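The values are calculated or read from the model by the stated rules, or taken from the named source; none is laboratory data. The structure displayed is predicted, hence computed values, not measured ones. Positions of Cβ are generated from backbone atoms using ideal geometry, with glycine treated the same way; all protein chains shown enter the neighbour counts. Each accessible area value is taken on the protein alone, full model and side chains, heavy atoms only, with ligands, DNA and RNA left out. Shrake-Rupley method; radii C 1.70, N 1.55, O 1.52, S 1.80 Å.
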Amino acid sequence: MSRRVLDGTQGSVAIQIAIMMVAIMGFVALAAEVGLLLLKHREMQSAADGAAVSGATARTRGYPGDYTVEARAIAAGSGFANGVSGASVTVTSPPASGAYAGVASAVQVAISQPQPVYLMRLFGKSSVSVGARATAVIGSGSGCALQLLAGASPGVSISNGAVVTLVSCGLGVNATSATALTMTGGAVLNAQLASVVGKASITNGAAINPSSALKISQPAMADPYAGVALPSYSGCGNGTNKSYGHSNSGLQTLNPGVWCKGVSFTNDALIKLNPGLYVVDQGDFNVGGGIVMTGTGVTIVLTSSTGGNYATVTIGNGANVILSAPTTGATAGMVFYGDRRAPASNSNDLGGGALLNFTGAIYLPSQKVIFSNGISNPSGCTQLIAGTIQFKGGARFQNNCAGTGALPIGGGASKLVE
């Protein structure tokens, strides 16, 4: 009797052990499946990290112009090609989420892909979406002025005793000629660096301080805004050949919009530009002597809807212009944005004793910019990027650009921040 009871107990235990073994094997298999998903997430995170840093570096160097191409290429090289096997690689700058949301100098890459599962099908799931996100910021740069056109001669000229001071920053000259940088007539350049692709001609008492700042036969510096597309616009909502003169009521407050065939400000007018995008479609953005103009979060676009008579900017003697660029959005960091299709013969004249305080970039990549005198930004960020540059009078630039949305000129290594 006792033997039969014992045999029955042993059989029951054997059944229980068999059931437990099945359960244990199931848990082990489930853990292995979860482990594979975690491994895929780790691979995805590494790909997102590399893609974000590469995208930020591409923005800094302006190549390729579309930093999204670079970031997606790096992700594809790690096995996550956008649109292949359900993979999605999203590249945004500025990021729309996270700690760096809205920061113009940041590039965010998000990767996701559905992964097949087997044991989880018992719970009604045939696949699980795995994702990873990384954010990198553009490395800081030491430049605050950059001449772009390689075939220009000279690319940058400083004459007539002009004193150009680049406070804790440098000048990049991409012209390749023997007179890429030309200085004469007692002109002085105070700069941390004068990096010239071609050669420099410094005569008649001109000087660079310190003299060791001059470097010739250097690699070209990339256009940091090469990937920024010309904003879209339509109509002439702000008027055609518009003129704003002296107003008996004092301050005139203007709203964003499009001026066609030029706009002028005359007769000591007091002008305030509300934040936003101002487009000049052909003609001239002309600020006369005695004008006081202020604006925060402003970008002025100089372009043409006809392919001719591209808009330029002229700021006259005695004008007082204080403008800052938007810190976020498509034109972050840009006070003036000149159409890249404009001819090199276009001339933009800033100076003549004007008090110009710009926070952000004067970006006229295919055109000539002439400084007759007077740009000054006591403590902030002012960048100049142009096809060719002429200094006929004093100018002062600084590079305290953190938080302004301006992109670095001659930027250093990008870094992962999130």
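Mind checking whether some residue in segment 99-114 is at pLDDT 90 or above, assigned to a loop (DSSP other than H, G, I, E, B) and of a type in the set (Phe, Trp, Tyr)? No, segment 99-114 contains no residue that is at pLDDT 90 or above, assigned to a loop (DSSP other than H, G, I, E, B) and of a type in the set (Phe, Trp, Tyr). The residue that is surrounded by the most Cβ atoms within 10 Å (Cβ to Cβ), counting only those in segment 180-215 that are small (Gly, Ala, Ser) and more than 20 Å from Ala386 (Cβ to Cβ), is Ala206.
This table checks each residue for (1) out of contact with any Asp or Glu (no Cβ under 7 Å at 6 or more places or on another chain); (2) closer than 24 Å to Gly405 by Cα; (3) at pLDDT below 95; (4) among the aliphatic types (A, V, I, L, M).
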residue	(1), (2), (3), (4)
Ser126	yes, no, yes, no
Val130	yes, no, yes, yes
Leu148	no, yes, no, yes
Ser157	yes, no, no, no
Ala175	yes, no, no, yes
Thr182	yes, no, no, no
Asn190	yes, no, yes, no
Ser201	yes, no, no, no
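Got a number for residues in segment 268-290 being part of a strand (DSSP E or B), of a type outside the set (D, E, K, R) and surrounded by fewer than 18 Cβ atoms within 10 Å (Cβ to Cβ)? So the count comes out to 1. The C-beta contact set for segment 69-86 (first residue without any contact (Cβ under 8 Å) to a residue 60 or more places away in the chain, second residue charged (D, E, K, R) and open to solvent by 50 Å² or more (accessible area, probe 1.4 Å), distance under 8 angstrom, 6+ apart or interchain) comprises Ser78/Glu43; Gly79/Glu43; Ala81/Arg72; Asn82/Arg72.
Residues are listed down the side, and each one gets a yes or a no for (1) open to solvent by 40 Å² or more (accessible area, probe 1.4 Å); (2) at pLDDT below 95; (3) of a type in the set (Lys, Arg); (4) on the phi > 0 side of the Ramachandran plot:
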| site | (1), (2), (3), (4) |
| --- | --- |
| Leu302 | no, no, no, no |
| Thr306 | yes, no, no, no |
| Tyr310 | no, no, no, no |
| Val313 | no, no, no, no |
| Asn317 | yes, yes, no, no |
| Val321 | no, yes, no, no |
| Thr328 | yes, yes, no, no |
| Ala332 | no, yes, no, no |
| Ala342 | no, no, no, no |
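For the structure I just gave you, tell me whether Ser177 is within 16 Å of Gln147 (Cβ to Cβ), in a loop (DSSP other than H, G, I, E, B) and open to solvent by 10 Å² or more (accessible area, probe 1.4 Å). Yes: the conditions hold for Ser177. Pull up segment 386-407, narrow it to residues that are surrounded by 24 or more Cβ atoms within 10 Å (Cβ to Cβ) and under 15 Å from the mean Cα position of the chain (by Cα), then point me to the one that is farthest from Val335 (Cα to Cα). Here the answer is Asn399. Listed by first and then second residue, the pairs with beta-carbon distance under 7 Å, at least 6 apart or on different chains, first residue in segment 203-218 and among the basic types (Lys, Arg), second assigned to a strand (DSSP E or B), are Lys215/Leu193; Lys215/Ala194; Lys215/Ser195; Lys215/Val196. Scanning segment 236-267 for residues that are open to solvent by 30 Å² or more (accessible area, probe 1.4 Å), among the small types (Gly, Ala, Ser) and in a loop (DSSP other than H, G, I, E, B), we see that the one that is modelled with the highest pLDDT is Gly237. The one condition from (1) at pLDDT below 85; (2) open to solvent by 40 Å² or more (accessible area, probe 1.4 Å); (3) not in a loop (DSSP other than H, G, I, E, B) that Pro378 does not meet is (3).
Applying the criterion of being open to solvent by 20 Å² or more (accessible area, probe 1.4 Å) and under 27 Å from the mean Cα position of the chain (by Cα) to the residues of segment 158-174, the residue that is nearest to Val417 (Cα to Cα) is Ser168.
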